[in-house]
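Working notes for the structure below.
The values are calculated or read from the model by the stated rules, or taken from the named source; none is laboratory data. Keep in mind that this is a model prediction, so the values were computed, not measured. Here the Cβ is made from the backbone with ideal geometry for all residues, glycine too, and neighbour counts use every protein chain on show. Accessible surface areas use protein heavy atoms only, side chains included; no ligands, DNA or RNA. Shrake-Rupley method; radii C 1.70, N 1.55, O 1.52, S 1.80 Å.
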Amino acid sequence: MFQAKARADILKEVVNVVSTLVDEAKFSVNSDGLSLKAVDPAHIAMVDLSLAKDAFEEFKADEAEIGLDIDKLSQFLKLARADDIVDIKHDEDKRRLNIVVGDITRRMSLIDTTGMSDPKVPSLSLPASLTVNVDDLVQGIRASETVSDHIALLASPESFEMTCEGDMDQVNWKKAKKDMESLEAPSSVRSLFPLEYFANMLKAVPSGSSVTMHLGNDYPVRVEFKIAGGKGDVRYLLAPRIESGD
Amino acid sequence: MGVDISDLVEARKVALADLSGRSIAIDAFNTLYQFLSMIRQPDGTPLMDRDGRVTSHLSGLFYRSAALLELGIKPVYVFDGKPPELKRKTIEERRAAKEEAEREWKKALVEGDLKRALSKASRTAKLDSDMIEESLSLLDALGIPWIRAPSEGEAQMSHMVRKGDVWAGASQDFDAILFGAPNLVRNLTLAGKRRLPSGKTVDVSPEVIELADVLSRLEVSREQLVDMAILMGTDFNDGVRGIGPKKAYALIKRLGSLEDVRAEGKVLVPDEFEEVRRIFLEPEVTDVYSLEWDMVDHEGVRKVMCDKHSFSVDRIDAVLAKVLAKSDASAQRSLDSWS
């Protein structure tokens, strides 16, 4: 059993987070709330999301798995205004999710979740961590997108940098420790990432909020932030590109 | 060949492209034999160069490896070393079966029965040391690493998957599961439309089998799975007459282990079971290998394929161009490298 009522903007945040990586996803619900772990088809990035039940206006659930076509859900939620209340009911017999926005009822057939196993979350020890405002980061990303398709993240005890090097041009974005919410780096670390993935992840962060990143040397980056006004947690993992000798 | 536990496992079908970014250890002998049996003309004659040497294995190795590289899949080929002593009987039987198939192929040709000829011919595949050497030089030119196992190739490749150096092993046989490979991919090198010896075409897609999934579904340990295989018969021992997957599963489920089956006294457990168990559970493997994917050596590939073995330069070039265009993306790691 699963039925819930939630503000449309909160559901949109969830959909934004998930749709950057996968088209179909398996949500798990239980009496505490909703969660999801998914990895993109190329296994380059992973999302681990949890939404506490008090992020919802109403929430009742027994343990269940619900397979959703994220694109369909996203299209339907576009019909709702931010403060609309969306009513969701899982129809187990008909294997559907019934979603009501205002006068519209959408009956969405679920996808089969057998064979959709939860990805293993790698345990990583990432020496550097830092917290910054996402809007600042997104500016740095915008400046980089025309220059190259990958971006280097560098953390040192004094500062955090994003560098993008193309064949001809270069973009550098840098923040000193004193201008950041926090920065802990015992030494300098650097990893290179596919820009499109990284940019899409940051674009899923609610504007104005803080993002925490954990970094290593030629290691995946872990990007953590809150959604649903602090009642939901998102962790992204992104695998690095390894630079060749040339 | 190998143990047929297909009735006991559930495979998950995937698209070849879903495996992009993964490194996969391929059972080289298993794969080369596949090419040798499949890549044949309608009357069963294998592909040959202008000197009459068989080149089916090179054709398969080149086109299939290129297709994997193009998708960003990183193959490493693992060749068999010295077979365990217990495998000798299996090897003898296979040789005899091939000679028999060879005779029947010729007979079918004389009788003009092409369908039967192709079906028989596909069972005559032989891999000699020259063919292996040519395959190795082609892999070198393609920048694909290869490893010679101390003993069974499947044991070595399973060891590499267990260590996390590669994501999965690839073979048509299920033995890698018994050797403890967490992930096994079947149909990796034959995905696509395939013509069966019977003349029918089927659409083959790769499938992934996870050891953890097999064990939890059956609720047995890997040791018990190996015990079941021994009852059914492996490359290293004859099975017990009349015992197939279902009976072997029921026996081990009910009693626990081969020691218990023997103690009960109703089924004659193969004498050599402890040694066979050791082959699967403590196989001879090596940690000395390096996994580096180099750039494709265009000239080198042409030399092996076109100069030595009469493949068309245009066709080889066209395939290489696609691989080279893709090679920049290979610097992207997959998260699997850390799990």
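Observations, loosely collected:
- Looking at B:Phe29, B:Phe35, B:Phe79, just one residue is among the hydrophobic types (A, V, I, L, M, F, W, C), away from every other protein chain (no Cβ under 14 Å) and farther than 30 Å from B:Glu275 by Cα, and that residue is B:Phe35.
- Residue match in the stretch B:237-246 (condition: assigned to a loop (DSSP other than H, G, I, E, B), within 21 Å of B:Ile177 (Cβ to Cβ), in contact (Cβ under 8 Å) with a residue 60 or more places away in the chain and touching a Gly at 6+ places or on another chain (Cβ under 7 Å)): no
- Qualifying positions in the stretch A:39-59 - hydrophobic (A, V, I, L, M, F, W, C) and buried (at least 21 other Cβ atoms within 10 Å of the Cβ): A:Val39, A:Ala42, A:Ile44, A:Ala45, A:Met46, A:Val47, A:Leu49, A:Leu51, A:Ala55, A:Phe56, A:Phe59
- Test result for A:Val171, farther than 15 Å from A:Leu192 by Cβ and either surrounded by 19 or more Cβ atoms within 10 Å (Cβ to Cβ) or of a type in the set (Ser, Thr, Tyr) (or both): no
- Residues being over 12 Å from A:Asn217 (Cα atoms), hydroxyl-bearing (Ser, Thr, Tyr) and open to solvent by less than 50 Å² (accessible area, probe 1.4 Å) - total across the stretch A:123-157: 4
- Sole residue being part of a loop (DSSP other than H, G, I, E, B) and under 28 Å from B:Asp18 (Cβ atoms), chosen from A:Ala42, A:Ala38, A:Ala82: A:Ala42
- Counting only strands (runs of 3 or more DSSP E) that sit wholly inside the stretch B:163-235, not one has at least 1 residues that are in contact with a Cys (Cβ under 6 Å, 6 or more places away or on another chain) and more than 26 Å from B:Tyr77 (Cβ to Cβ).
- Pairs linking a residue in the stretch B:305-321 that is under 20 Å from B:Leu71 (Cβ atoms) to a residue that is modelled with pLDDT under 90 and in a loop (DSSP other than H, G, I, E, B), with Cβ atoms under 7 Å and 6 or more positions apart or on different chains, are B:Leu320/B:Val296.
- Answer from A:Ser125, A:Ser129 - the residue that is under 18 Å from A:Leu183 (Cα atoms), of a type in the set (Ser, Thr, Tyr) and within 14 Å of chain B (Cβ to nearest Cβ): A:Ser125
- On the stretch given as the stretch A:23-50, residues that are away from chain B (no Cβ under 13 Å) and either in contact with an Asp or Glu (Cβ under 9 Å, 6 or more places away or on another chain) or under 17 Å from B:Val14 (Cα atoms) (or both) total 12.
- Restricted to the stretch B:278-307, and to residues there that are over 21 Å from the mean Cα position of the chain (by Cα) and open to solvent by less than 50 Å² (accessible area, probe 1.4 Å), the residue that is modelled with the lowest pLDDT is B:Val296.
- Checked against (1) more than 20 Å from the chain's Cα centre (by Cα); (2) modelled with pLDDT of 95 or more; (3) within 14 Å of chain B (Cβ to nearest Cβ), A:Glu184 meets all criteria but (3).
- Residue among A:Lys178, A:Lys203 that alone is away from chain B (no Cβ under 14 Å), more than 16 Å from the chain's Cα centre (by Cα) and open to solvent by 40 Å² or more (accessible area, probe 1.4 Å): A:Lys178
- So B:Lys87, is it open to solvent by 30 Å² or more (accessible area, probe 1.4 Å), part of a helix (DSSP H, G or I) and modelled with pLDDT under 85: no
- Looking only at the stretch A:213-229, and only at residues there that are within 14 Å of the chain's Cα centre (by Cα) and under 18 Å from A:Ser182 (Cβ atoms), the one that is farthest from the other protein chains (Cβ to nearest Cβ): A:Lys226
- Among (1) more than 16 Å from the chain's Cα centre (by Cα); (2) in a helix (DSSP H, G or I), the one test that B:Gly72 misses: (2)
- Candidates B:Val304, B:Val261, B:Val319, filtered to the one that is touching a Ser or Thr at 6+ places or on another chain (Cβ under 6 Å), away from every other protein chain (no Cβ under 14 Å), part of a helix (DSSP H, G or I) and not charged (D, E, K, R): B:Val304
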